1. I'd like the full set of residues that are over 23 Å from residue B:391 (Cα atoms) and not in a helix (DSSP H, G or I), limited to the range B:310-358.
2. Out of the residues in the range B:309-346 meeting the condition of being of a type outside the set (A, V, I, L, M) and away from every other protein chain (no Cβ under 14 Å), tell me which one is farthest from residue B:276 (Cα to Cα).
3. Report yes if some residue within the range B:153-168 is surrounded by 23 or more Cβ atoms within 10 Å (Cβ to Cβ) and farther than 27 Å from residue B:39 by Cα; otherwise report no.
4. Among the residues of the range B:438-462, how many are over 15 Å from residue B:402 (Cβ atoms) and touching a residue at least 40 places away in the same chain (Cβ under 8 Å)?
5. Which one is nearest to the other protein chains (Cβ to nearest Cβ) among residues in the range B:359-389 that are under 13 Å from residue B:421 (Cα atoms) and among the hydrophobic types (A, V, I, L, M, F, W, C)?
6. Using the structure shown, decide if residue B:125 is more than 33 Å from the chain's Cα centre (by Cα) and farther than 30 Å from residue B:36 by Cβ.
7. Taking residue B:95 as meeting all but one of (1) without any contact (Cβ under 8 Å) to a residue 40 or more places away in the chain; (2) farther than 15 Å from residue B:141 by Cα; (3) over 34 Å from the mean Cα position of the chain (by Cα), write down the number of the exception.
8. If residue A:140 passes every condition in (1) more than 10 Å from chain B (Cβ to nearest Cβ); (2) surrounded by 11 or more Cβ atoms within 10 Å (Cβ to Cβ) but one, which one does it miss?
Amino acid sequence: MATLARLQARSSTVGNQYYFRNSVVDPFRKKENDAAVKIQSWFRGCQVRAYIRHLNRIVTIIQKWWRSFLGRKQYQLTVQIQRRWRGYRVRKYLFNYYYLKEYLKVVSETNDAIRKALEEFAEMKEREEKKANLEREEKKRDYQARKMHYLLSTKQIPGIYNSPFRKEPDPWELQLQKAKPLTHRRPKVKQKDSTSLTDWLACTSARSFPRSEILPPINRKQCQGPFRDITEVLEQRYRPLEPTLRVAEPIDELKLAREELRREEWLQNVNDNMFLPFSSYHKNEKYIPSMHLSSKYGPISYKEQFRSENPKKWICDKDFQTVLPSFELFSKYGKLYSKAGQIV
Amino acid sequence: MSQRQVLQVFEQYQKARTQFVQMVAELATRPQNIETLQNADGVSFTLSPRLECSGTILAHCSLHLPGSSDSPASVSQSAGIKGVMSLLRTLLLDVVPTIQQTAALALGRLANYNDDLAEAVVKCDILPQLVYSLAEQNRFYKKAAAFVLRAVGKHSPQLAQAIVDCGALDTLVICLEDFDPGVKEAAAWALRYIARHNAELSQAVVDAGAVPLLVLCIQEPEIALKRIAASALSDIAKHSPELAQTVVDAGAVAHLAQMILNPDAKLKHQILSALSQVSKHSVDLAEMVVEAEIFPVVLTCLKDKDEYVKKNASTLIREIAKHTPELSQLVVNAGGVAAVIDCIGSCKGNTRLPGIMMLGYVAAHSENLAMAVIISKGVPQLSVCLSEEPEDHIKAAAAWALGQIGRHTPEHARAVAVTNTLPVLLSLYMSTESSEDLQVKSKKAIKNILQKCTYLPALEPFLYDAPPNILKHVVGQFSKVLPHDSKARRLFVTSGGLKKVQEIKAEPGSLLQEYINSINSCYPEEIVRYYSPGYSDTLLQRVDSYQPLNN
């Protein structure tokens, strides 16, 4: 009895406790379940993979053997073909006596041809070398003659190569006659190819005039008269050009100015491509005319567009042609200028 | 005022440094000065007032060698070397660029002279400094520094390894990309000298990426640069097939083959050597060289005036022909054999050797090729070489080549025997002056030819002079030919051959005895007895023992 009373007193709390304990366990249960599921799935995956690997190995072995078998079959075939071919080749070419003789004849002919060609080549080289040598000798002799040109004989005095006791002059004499005397090397004047105003200005400056060497003084009487100061004269003669502003501008100054302006404006551009109108986007598209204007017979007039068409009833594809001109009477209908004669 | 004086002090010092470095560089061009430079110790000089700028400048100074006369010369020498080296090393770090360049030039010339100085350069730690500054300086310095590296690297593999260890290869490869052709040339030369010692150093050079740049250098217009680049590629490719493959993969073969037509002789010589080094390693490489269409252009090089060009051209053809019968066939079809034979005829000495070997290789492959050599008139030329040449190794090569030609069939052997080379070969084999190699080769050649020779007039002299081992073959050949040819039998008897055969002493049962028996069986018994030795004695004995019939 006492227990019954005790139990009854606890019954509500027991219920609560029971519910509480079960609900507390729930999330853990879920978690544990998930964990167990994961582990199981992973393990099963490993199993399956191992099985597949095993199968793979077996399959590879089988394929290996099968392919080697096939290859051997193929090999036999190819070996047979090669055997036949090699026998044929050897019998036709290698062991064939006449073929061998032919071949040797051809080889000896080739050899002769090559020998001849090589000899020609060697001869050509020798000739070239000889020519080069001769030319070098020529040049040397020419240079010597140019250096020694002062030994040339004059009308009064015979030179050392032109002894009067000789029948004819020494070959050196002839060489000297042909030779042009050597001059001292002058500093090369640079060529100016573009002729612009600035270049002309530069070439009139005092430094760039080619001054010849001062000639020896001629002995004669002094010229009479008061002369200007030589420095003044030179100054005047070699005075640099002072062009006006108009002349100093280049002839195509407008074009240059335009270019200049364009260049300055270009600096401000964000993008080099021109900004095109939208119409050009549709340049390549075909023009789809509006309904007003499209029909098989040409643009339809206002009145016609309300007429319905039945293509099945058409007799032929072409429109009616005007074969005969209309009456002149009706051609002027409504077309005269005077309003008075409305009805003609 | 004092500022100017101070500046003047500095100027004087700079002038003195420049003068010193320039004089040392100039002195180092002459070998006799280098000895004195080695012994000079920069430490203890008393400045003589008469310091003149002449070749004997150091003789005017009072030299004070460290240590007394009984100290070993190497110590003083090493101290002396160290003296010069340390002075030049400090000047290498100088502020003024011209002094640096001249100091580098002087170092290069010193190191060029002998390997002690080169080792000293390495020991004084000059190389890292050079390598470091090579990257930044102007082209004169680069040229001078590359010259130093080349001078050090050319003496021995250890020195070259020292250069590689201080990281010079990368900077040299950078120099190869420079604009100035002089710098490129100096760098390529240095790489060449490093790579030519052994395969590891070549591999190091290749790993630094030098090969594509060298191939680019070959295409440059300057001839000197082309020469050096071609020789560098040749020295890289010669060590092993992999290195040769690297050179081929960089596309060098096509360019080299195009440049064979260049008229410069030294360039041709380097190109041909490069191609032969590439093709000598394997069949594939040789085929690749052949595909670059060198035939028949190479044959024109065989007619060149320069000896080295001819030698290298025949080397190239030899390296191609030696690999397979197909390649030899190709060479023969292009008429190469005739050209090589003419080339052999026009040269002397070592220049002939590759050509002779080429003929031997071609003939060794097959009998058709040997026949091709014979109809190109190769055998008379080879026999001329055999008899004329003084050097043993060339004679050995000629003997070997003749053996290869004659060993295939009786036709071939006859072609060789007709030119009367067999007695020459025999005399070479027998003479005591020939080297062992020559003796072995001539013996083999004789044996090979004799085993096929059926040309009896050439064999007959052999009966008289040959040693027993060769005699056996000779008699064997006779025994093969005589049973079938009656004219030959008659000739054999009248020329005294049968008599000689009877005089040969042979052990019963040996091969020689069998041969002799087979020869004897070709003749009637009386003749054999007639010619047997001592037959006249037996006859006389019979006369003595004959009792005339008394009637």
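1. B:322, B:323, B:324, B:334, B:335
2. Here the answer is B:324.
3. Checking the range B:153-168: at least one residue is surrounded by 23 or more Cβ atoms within 10 Å (Cβ to Cβ) and farther than 27 Å from residue B:39 by Cα.
4. The number of residues fulfilling the criteria is 3.
5. Among those residues, the one meeting the criterion is B:379.
6. Spelling it out, it is not the case that residue B:125 is more than 33 Å from the chain's Cα centre (by Cα) and farther than 30 Å from residue B:36 by Cβ.
7. (2)
8. (2)
The values are calculated or read from the model by the stated rules, or taken from the named source; none is laboratory data. Since we're looking at a predicted model, the values are computed, not measured. Cβ: placed from backbone, ideal geometry, glycine included. Neighbour counts: every protein chain shown.
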